[in-house]
């Protein structure tokens, strides 16, 4: 199963502007934001993430709805969060 996970941009990496540190349910991870070209992502923005890439910007309400859905599907969400925890940068 492929999941798109919402996350909030914490910072844009100054030495690599295509990468952002993103908070995903309390886990911080570097995510490639280079695919989002139409609207320059900034700290505080919410993005939809799949396999380490930001696919699009979303609003906070959409992010909350997506997280509620993911939490509702159970094990797939738990597996994805476990994988994120294993790859944390902090």
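Contact order, relative form, for the chain: 28 percent (alpha carbon pairs under 8 Å, 6 or more residues apart, mean separation divided by residue count). If you run the Gaussian network model on the chain, springs between alpha carbon atoms under 10 Å, then out of 54, 63, 76 the most flexible one is 76. When the alpha carbon gyration tensor of the range 5-86 is reduced to an equivalent ellipsoid, the three semi-axes, largest first, read 21, 14, 10 Å.
Simple spin-label estimate for residue 11 and residue 62 gives 2.7 nm between the two label positions (7 Å along the Cα-to-Cβ direction from each Cα).
Full extension of the chain between residue 73 and residue 50 gives 6.6 nm of extra length, using 0.36 nm per residue less the Cα-Cα distance. Against the main long axis of the alpha-carbon atoms of the chain, helix 75-86 sits at an angle near 40°. When each of 62, 86 is scored by the number of other beta-carbon atoms lying within 10 Å, the sequence from fewest to most is 86, 62. Between the helical axis of 60-72 and the longest alpha-carbon principal axis of the chain there is an angle of about 30 degrees.
Read the figures in this text as sums done on the coordinates, not as results from a lab. Because the structure is a prediction, the values reported are computed rather than measured. Ideal geometry is used to build each Cβ from the backbone, glycine not excepted, and the neighbour counts take in all protein chains shown.
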